[in-house]
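Peer 1: Mind looking over this structure? Questions follow.
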Amino acid sequence: MKHLVAPSLLAADFLHLKEDIEMVNESSADWLHMDIMDGVFVPNISFGFPILEVVNAVSKKPMDVHLMIVEPQKFVKEIAATGAYMMNVHYEACTHLHRVIGAIKDAGMKAAVTLNPHTPVLLLEDIIQDLDMVLLMSVNPGFGGQKFIEHSVEKTAALKKMITDRELKTLIEVDGGINLETGKRLLKAGADVLVAGNAVFKAKDPKQMIDELKKL
């Protein structure tokens, strides 16, 4: 499978959000990545359900919703109602992860689990077969524009081995500090989906940058 690119709307110009979404619509991007932050699980607040709803009304790309919040299981139905394609929940935020994954799928969405930089992939051994995707954070979640954590490449390779050894189709997504250089290394290590924020929306030509990420 050719790798996917998911621009992160958190890095967009919120004063001209519709224009930035339309740019993504016209680009070769595959998904639109949405970061929901609550100021508790991570030290920042982003946006909530009303934004997801209006974005979904304009976006032609499937919404990949990443919940950086406590108790994400409380909002499965609300996320599904916004039209989300993929719902990402953090391993660190879910006491009963298997139950949450089941609820996400029952609501008609694809289910993904996110790991913070310090969380080892081996903790997914008993749940990996139930996941559509694993999102590896290659920066500490909460803010865009952070420096890429180098260990993320090795971590991606370890997760890919776990998936391959079990003959699963689980995708690997990586988010944080993604650019043409880090993206290339992550894809070589086994990543399937690249989330790019500043690399896309701060570029002189965002559409061209998306094309370049797709061609890696």
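Every number in this text was worked out from the coordinates using simple rules, so none of it is lab data. Keep in mind the model is a prediction, meaning the values are calculated, not measured. We place every Cβ from the backbone using ideal geometry, glycine too, and count neighbours over all the protein chains shown.
Peer 1: GluC sites (Glu not before Pro), restricted to the range 144-216: which are DSSP loop and have at most 13 other Cβ atoms within 10 Å?
Peer 2: On the way: sites: Glu150, Glu154, Glu167, Glu173, Glu181, Glu212; in loops: Glu150, Glu167.
Those satisfying the criteria are Glu150, Glu167.
Peer 1: Stretched out fully, how many nm does the piece from Val58 to Lys204 gain, at 0.36 nm a residue minus the Cα gap? Please report the intermediate quantities before stating the final value.
Peer 2: Numbers: separation 146, 0.36 × 146 = 52.56 nm, distance 2.32 nm.
Contour length minus Cα-Cα distance gives 50.2 nm.
Peer 1: OK, next. Where both partners of a DSSP beta bridge lie in the chain, what percent of those bridges are antiparallel, to the nearest 5?
Peer 2: On the way: 1 of 33 bridges.
Taking every DSSP beta bridge with both residues in the chain, the antiparallel ones total about 5 percent.
Peer 1: Expressed as a whole number of Å, what is the distance separating the alpha-carbon centroids of the range 163-181 and the range 53-92?
Peer 2: Between the Cα centres of the range 53-92 and the range 163-181 lies a distance of 20 Å.
Peer 1: Per residue of the range 67-79, in order, report the coupling 6.51 cos²θ - 1.76 cosθ + 1.60 (Karplus, θ = phi - 60°) as ³J(HN,Hα) in whole Hz, putting x for Gly and Pro.
Peer 2: Each residue of the range 67-79 in turn: 8, 9, 9, 7, 6, x, 4, 6, 10, 4, 5, 5, 5 Hz.
Peer 1: Here's a follow-up. Tell me the label-point distance for the pair Lys169, Glu125, using the 7 Å Cα-to-Cβ offset, in nm and rounded to one decimal.
Peer 2: 2.6
Peer 1: What residue among Gly177, Gly39, Gly190 shows peak mean-square fluctuation when the chain is described by a Gaussian network model with Cα springs under 10 Å?
Peer 2: Maximum fluctuation in the GNM of the chain, among the listed residues, is at Gly39.
Peer 1: If you average 1/r across every pair of different Cα atoms in the range 29-95 and take the reciprocal, what Kirkwood value do you get, in Å? Could you put the intermediate results ahead of the total?
Peer 2: Working: mean 1/r = 0.0828 Å⁻¹.
Roughly 12.1 Å, rounded to one decimal.
Peer 1: For the pairs Lys147/Lys215; Lys2/Lys74; Lys2/Lys105, note any where the Cα-Cα span goes beyond 27 Å.
Peer 2: On the way: Lys147/Lys215 23 Å; Lys2/Lys74 34 Å; Lys2/Lys105 25 Å.
With Cα atoms farther than 27 Å apart: Lys2/Lys74.
Peer 1: Here is a further query. Over the range 4-214, calculate the relative contact order: mean separation of alpha carbon pairs under 8 Å at least 6 apart, over the residue count, as a percent. List each step's numbers first, then the result.
Peer 2: Values: 415 pairs, mean separation 45.7, N = 211.
After rounding, I find 22 percent.
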